[in-house]
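Notes for the one structure printed next.
The values are calculated or read from the model by the stated rules, or taken from the named source; none is laboratory data. None of these values were measured; they are calculated from a predicted model. Neighbour counts run over all protein chains shown; Cβ positions are idealised from the backbone, glycine included.
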């Protein structure tokens, strides 16, 4: 299994990529970084991901 990190995680495209990676059997989302949303939980930026990952 490959571990994946995302830089620029606050945008729409990042949200879609996160959803794809969460469902991919060969990938594990390890971290998401956003300079503009630093310190905010992932769920505050992408409310539709609440409960889908432990990163929220």
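What about residue 39, is it free of Cβ contacts under 8 Å to residues at least 12 places away in the same chain and at positive phi? Yes: the conditions hold for residue 39. Note on segment 11-56: residues that are over 25 Å from residue 1 (Cα atoms), modelled with pLDDT of 85 or more and not in a helix (DSSP H, G or I) total 2. Per the conditions (1) in contact with a strand residue (DSSP E or B) (Cβ under 6 Å, 6 or more places away or on another chain); (2) buried (at least 17 other Cβ atoms within 10 Å of the Cβ); (3) at pLDDT 90 or above, the sole criterion not satisfied by residue 1 is (2).
Within segment 7-32, the set of residues being within 15 Å of residue 54 (Cα to Cα) and out of contact with any helix residue (DSSP H, G or I) (no Cβ under 9 Å at 6 or more places or on another chain) comprises 21, 23, 30, 31.
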